[in-house]
1. Filter the GluC sites (Glu not before Pro) in the range 177-264 down to the DSSP loop ones having no more than 14 other Cβ atoms within 10 Å, then list what survives.
2. Explain nothing, just compute: Karplus ³J(HN,Hα) = 6.51 cos²θ - 1.76 cosθ + 1.60, θ = phi - 60°, for every residue of the range 283-298 in order, whole Hz, x for Gly and Pro.
3. Please compute one quarter of the surface area of the Cα convex hull for the chain and express it in square nanometres.
4. List the trypsin sites (Lys or Arg not before Pro) within the range 233-277 that fall in a DSSP loop (any state other than H, G, I, E or B) and whose Cβ has at most 12 other Cβ atoms within 10 Å.
5. Based on the alpha-carbon gyration tensor of the range 373-455 and its eigenvalue square roots a ≥ b ≥ c, which shape applies: rounded if a/c is under 1.5, prolate if not and a/b is larger than b/c, or oblate?
6. Using the heavy atoms of the protein chains and a 1.4 angstrom probe, tell me the accessible area per residue for the range 2-375 in square angstrom.
7. Just to confirm the filter: which trypsin sites (Lys or Arg not before Pro) across the range 390-466 are DSSP coil and have at most 12 other Cβ within 10 angstrom of their Cβ?
8. For a test of the definition: using alpha carbon positions, the gyration tensor, and the 1.5 limit on a/c, classify the range 215-358 as rounded, prolate or oblate.
Amino acid sequence: MCRLLFLWLTFWGLTAVAAERPNIVIIYADDLGYGDLGCYGHPTLRTPNLDRMAQEGMRFTEFYSAAEVCTPSRAALLTGRYPVRSGMAHDRYRVLRSQSTGHLPEGEITLAEALQTAGYATGMVGKWHLGVWSNDPMGHPRRHGFDSFFGLPHSNDMDPVAGNPPRANTLAEQKAEWWNSPLYRNEELVERPADQTTLTRRYTEEAQRFIRENRRRPFFLYFAHTFPHTPLFASGAFRGTSQRGLYGDVVAELDWSVGQILETLRREKLDRKTLVVFSSDNGPWLIMNQQGGSAGLLRDGKGSTWEGGMRVPAIVWWPGRIKPGTVPEGIASTLDLFPTSLRLAGVQLPADRMVDGVDLTDLLLKGAPSPRQTMFYYRGTRLYAARSGRWKLHLQTQDGYGQPGPTVPDRPLLFDLATDPSERFDVGADHPEVIAGIQREIEAHRATVTPVESQLESVVAPSEPAKSGASGKP
Ligand code: MG
């Protein structure tokens, strides 16, 4: 027995020395578009900290969220699985609402849970949107692998007060008193309504504190911002500072926040031990007009399976390990952060389930080609489109929120994203063999998907109001 214990300790010691496990920080914006950062070409939005992060690290141009709205995209990020596999997708109810009783199922293994098995401290700051614990305690982040939590259960527009003006997209700006969002520390409600003008600043301070407190052990920080999802709020230091109006002020504050996180890592001498990923959960919310972002040259935005709905900014930073200023070719996805993080932490992938992510370690650290060849575009539980290499095939299309649809064309639409990233020219008639090839890939993928009950449908009964008094629009 002692001998076995000794051998185990030796093995553990050797592996710990051989590969120091990095800290992992994921910073996730809400509804930030592909065209909303300086380093992605926006002419007036100023994002000097994110631009510097890209210069010091790697900036992806073909990086995808696995969904076009909040809840399923977050489920995919934390599990490495298409949300249709976990029940975190629904064709009518696109996201969890404040009355929802569903949540990320207990049987799913989150990135936080997997990293906990390797001794990581795990913290979450910001918007969760994978369960409403006032309706079901299993909906809380601490039931899914996070040691600590500070933030909101869901989107910042889900708790309107009575008489709230309904047409948010026609207003120049929102008033704080129209919203009643609950702010929690762990399971405790600490502020309601949350002062949204100071949320970004307070989230940032929490994240900095988590980093400092855990500087002597490996940690995983999931920092999911509330903004630039509408209603938009920025703190006094940023109000009126941007040429791009309130949206620009809000993005400038998010950019400041990223700078603060990277500076904290430098100050604590953790920058060379920490992989930091910045991305967004889905494309810009275009029907919010000036309060929504931009997908740049990409077609459409949030709610759509056109590129603008799911191709998002992604910057990865790890000084000393990732070659500065690189822009890799090829496809990658938030799905891939799960297996990549597990590999870096020395944790085995779960063998009892399908994981859709691929390991990007060699791409990040050695400049190897992306191992990802395909991307499947789901809207709810339905597969709308698939990408294989440079080609994208649409079986059906849906423009973003508030638009009619879906539209099922007589024959699938084919776009060559290498020459036509804006998806303007259907070239299917010239390439029937490409269409047939992608259809075979779709069939092979579909054969791996088993329908499960959706978590997004069930809500608290009208006679049983939520314990916290949560109200919200459907
Ligand atoms: Mg979103």
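The values are calculated or read from the model by the stated rules, or taken from the named source; none is laboratory data. If you're wondering where the values come from, they're calculated on a predicted model, not measured in any experiment. Cβ atoms come from the backbone with ideal geometry, glycine included; neighbour counts cover every protein chain shown. With ligands, DNA and RNA removed, areas are computed over all heavy atoms of the protein, side chains included. Shrake-Rupley method; radii C 1.70, N 1.55, O 1.52, S 1.80 Å.
1. GLU187
2. x, x, 8, 5, 5, 7, 6, 5, 8, x, x, 10, 8, x, 7, 7
3. Mean shadow area of the hull around the Cα atoms is 23.2 nm².
4. Taking the range 233-277 and a limit of 12 other Cβ atoms within 10 Å, the loop trypsin sites (Lys or Arg not before Pro) found are LYS269.
5. oblate
6. Value for the range 2-375: 36 Å² per residue.
7. Those satisfying the criteria are ARG424.
8. oblate
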